[in-house]
1. Can you find even one residue in segment 25-37 that is part of a loop (DSSP other than H, G, I, E, B), under 22 Å from residue 108 (Cα atoms), over 17 Å from the mean Cα position of the chain (by Cα) and without any contact (Cβ under 8 Å) to a residue 40 or more places away in the chain?
2. Mind checking which residues of segment 166-192 are surrounded by fewer than 19 Cβ atoms within 10 Å (Cβ to Cβ) and touching a Gly at 6+ places or on another chain (Cβ under 6 Å)?
3. Please go through segment 178-229 and give me each residue that is of a type in the set (Asp, Glu), out of contact with any helix residue (DSSP H, G or I) (no Cβ under 8 Å at 6 or more places or on another chain) and assigned to a helix (DSSP H, G or I), ordered by number.
4. Scan segment 1-36 residue by residue and report those that are hydrophobic (A, V, I, L, M, F, W, C), farther than 22 Å from residue 246 by Cβ and surrounded by 12 or more Cβ atoms within 10 Å (Cβ to Cβ).
5. In segment 78-85, is there at least one residue being free of Cβ contacts under 8 Å to residues at least 60 places away in the same chain and either surrounded by 19 or more Cβ atoms within 10 Å (Cβ to Cβ) or in contact with a Cys (Cβ under 6 Å, 6 or more places away or on another chain) (or both)?
6. When residues of segment 31-56 are filtered for being in contact with a strand residue (DSSP E or B) (Cβ under 6 Å, 6 or more places away or on another chain) and of a type in the set (Val, Ile, Thr), how many remain?
7. Exactly one of these conditions fails for residue 159: (1) in contact (Cβ under 8 Å) with a residue 60 or more places away in the chain; (2) part of a loop (DSSP other than H, G, I, E, B). Give me its number.
8. Condition first: under 17 Å from the mean Cα position of the chain (by Cα), within 19 Å of residue 136 (Cβ to Cβ) and crowded, with 17+ Cβ neighbours inside 10 Å. Now tell me which residues in segment 196-251 satisfy that.
Amino acid sequence: MSEFVTDIGFDSKSLWQPKGFEPHTFPESTWPLLKELNLKTLTEIEGEDLTPVQGMVKQPMAVGTFRHFYNDKIEKLALMWLLISRSIAGGSWVGWPTDDYDFPALIIAWEESKKRLHIIIDLLPIADCVEYEWYREKYLDGLEPVYNEYKDLIGPNSTYRWFRAMQGPYHIFDGPGEQRGRALACEIEYIKEWVKVVKNAEPVKDEQYKQYAIRRKKILQTQLRQRDPLGSVLMRTLGDELGKKSILGYT
């Protein structure tokens, strides 16, 4: 049994029913990097029990699972791995700081089918990087070499203007073509940088700035919760109850 199966409790390949291609092992490729953060299992958010989606979810249009974690610095870190309509492998990692910290949110998405791959790769700033230029320098500019190496993966940006407005300066979106292995390698490098940032993060001491960062984080989470098209996909494929729990888990 692999280390990933022991730690997380499922094998991504075992869920797949062949449809002409085999998706990349997104969970297994990314988990070892995040495991370094000494994460604990998170089973409840805002009074909502998450355990029904942490088992194996089996619905007519979606089969898969979710995992949720936290530690002293991370409010929630959510893994999704779903096989949708027996033809799309949907994976993501989304992570947020606790209110005592202001490091960027991790936004990693992997949606793979035989015909195409859709990716979102970002460290989403919790503070405005123009008003607080030091924030970009402190938390994000370490991505510059990685971004320069992989920026050819960038394709047409999101059609949602609210989503474009919240993106970080090193955002990579939806243009890998058939460079699937390279796209996954890019996601891995961004996760490595986020792990390093989290490890080095110190609590915010300026109370006024802290309240600003908390408020902005909550706005980002609320907008994703209310507007992210993934939410409607989860509600449609998982049903109202499981869909709601899955959305709360990552926003």
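1. no
2. Across segment 166-192, the qualifying residue is only 175.
3. Listed by number, the list holds a single entry, 207.
4. 21, 33
5. no
6. Selection size over segment 31-56: 1.
7. Going through the list (1) in contact (Cβ under 8 Å) with a residue 60 or more places away in the chain; (2) part of a loop (DSSP other than H, G, I, E, B), residue 159 breaks only (1).
8. If the condition is that a residue be under 17 Å from the mean Cα position of the chain (by Cα), within 19 Å of residue 136 (Cβ to Cβ) and crowded, with 17+ Cβ neighbours inside 10 Å, then 197, 198, 217, 220 are the ones that fit.
Laboratory data are not the source of any read-out in this text; all were calculated from the coordinates shown. Bear in mind the structure is a predicted one, so any value in this text is a computation, not a measurement. FYI the Cβ positions are ideal-geometry reconstructions off the backbone, even for glycines, and counts take in every protein chain you see.
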